Amino acid sequence: MNKGNKLYEGKAKIIYETKDKNLVIQHFKDDATAFNNLKKAKVEGKGVLNNRISEYILSSLSECGIKTHLIKRINMREQLIKKAEIFPIEFIVRNIATGSLTKRLGIPEGTNLEKPLLEYCYKKDELNDPLISREHILSFGWANEKEIEVIDKMTLRINDLLTGMFRAIGIKLVDFKIEYGKTWNKDTEKKEIVLADEISPDTCRLWDSKTEKKLDKDRFRKDLGNIIQAYQEVARRLGIMPEETNISEVNFGKTIPIKFKKK
Ligand code: 5GP
């Protein structure tokens, strides 16, 4: 599939047109940003890892009946995806209190939440993606009641599936952010809601089950180092990197050869 004009460039990804008006290419960059772009760096290999990890996670969810925008991964940094009208909302699920939840409400760090907590944020960089209520979404027409109902249900199901997927590889899914869009379904000739964007260590908090070592973007946000090693560890445990890749032998700052298992 040939890449056409750039349609949109975000902090971590670029979207390109294709010849098919219903399909676009999603390119994963190595750029890491935090605190609404105040902190920026290039993390060599991050785009390649997130492309592969997100492909694996979205494909696994799709096998469990979750509709996603993913068609296929086309190379190390790119995926062919359905073009979607993205809801301007970040859907956040929390299983353990940390991050902005502890800052905002003083809930002690690491508190296990009795049931998953669903939050909505308005996707607006200029406003720092503020927390909003369901009523804001309905008042301003960012989604309608039926759409929110469908998305809430899908989001909690995704949390169940991902929690199990990560638990099986010794990782606690602490929290994550997902996005949704509407795409055109050729068969039903109707728009349908699909999971969009990406699911990767950039968009989730992942802690080692035993040591609680952070295996996600908090390593960048909090200057903990070894960002790529942590992302590689997630890929290795998911079974999408060869066992012989010994992350402890990789020195931070060096270019790391990234190999994936053949499918
Ligand atoms: P918090 O609100 O605690 O900062 O983030 C909650 C969860 O959502 C974390 O897993 C975090 O990575 C994810 N998240 C929230 N906003 C964003 C965002 O704008 N970009 C990315 N990549 N992840 C986000």
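When the Cα atoms of the chain are enclosed in a convex hull and the volume is divided per residue, what value in Å³ results? Display every interim value, and only then the final one.
On the way: hull volume 37.8 nm³, N = 263.
Convex hull of Cα atoms, per residue: 144 Å³.
Can you spot the aspartates and glutamates whose alpha carbon is less than 16 Å from LYS182's alpha carbon? Ignore those fewer than 8 places along the same chain.
The qualifying aspartates and glutamates are GLU85, GLU90, GLU145, GLU147, GLU149, ASP152, GLU192, ASP197, GLU198.
Compare the Cα positions of PHE166, GLY141, THR188 along the charge dipole of the range 133-189 (+1 at Cβ of Lys, Arg; -1 at Cβ of Asp, Glu; about the Cα centre) and return the one farthest towards the positive end.
Value computed over the given set: PHE166.
When averaged across all projection directions, what area in nm² does the alpha-carbon convex hull of the range 86-208 cover?
Projected area, direction-averaged: 8.8 nm².
Measuring from label point to label point, each 7 Å out along Cα→Cβ, what is the LYS153 to ARG134 span in nm?
Calculated label separation equals 1.4 nm.
Check each of the trypsin sites (Lys or Arg not before Pro) in the range 1-39 and keep only those in coil by DSSP with at most 16 other C-beta atoms within 10 angstrom; list them in order.
LYS3, LYS11, LYS19, LYS21
Mind putting a number on the dipole of the chain about its Cα centre? Charges go on the C-beta only, +1 for Lys and Arg and -1 for Asp and Glu, and I need it in Debye to the nearest 20.
640
Calculate for the chain the 222 nm mean residue ellipticity that helices alone would give, adding -39,500 (n - 2.57) per DSSP H run of length 4 or more and normalising by residue count, nearest 500 deg cm²/dmol.
-8000 deg cm²/dmol, from helical runs alone.
Between their Cα atoms, which of LYS39/LYS172; LYS42/LYS177; LYS11/LYS222; LYS146/LYS186; LYS115/LYS172 are more than 24 Å away from each other? The partial results should precede the final answer.
Working: LYS39/LYS172 26 Å; LYS42/LYS177 22 Å; LYS11/LYS222 18 Å; LYS146/LYS186 21 Å; LYS115/LYS172 15 Å.
Beyond 24 Å: LYS39/LYS172.
Bins of 10 Å, beginning at zero and ending with the bin holding the largest distance: percent of Cα pairs per bin for the range 3-49, please.
In whole percents, the pair-distance histogram is 27, 43, 25, 6.
Restrict the search to the range 69-166; then list the chymotrypsin sites (Phe, Trp or Tyr not before Pro) that DSSP places in a loop and that have at most 16 other Cβ atoms within 10 Å of their Cβ.
The qualifying sites are PHE140.
Assign unit charges at the C-beta atoms only (+1 for Lys and Arg, -1 for Asp and Glu), then state the dipole size of the range 86-208 relative to its Cα centre in Debye, rounded to the nearest 20. Before the final figure, lay out each step's value.
On the way: 18 positive and 22 negative charges, 44 e Å.
Roughly 220 debye for the range 86-208.
What per residue convex hull volume, in Å³, do the alpha-carbon atoms of the range 15-151 yield?
164
Each reported figure results from applying straightforward, stated rules to the coordinates on display, with no laboratory input. This structure is a prediction, so every number in the text was calculated from the model and none was measured. So basically every Cβ, Gly included, is an ideal-geometry build from the backbone, and we count neighbours across all protein chains shown.
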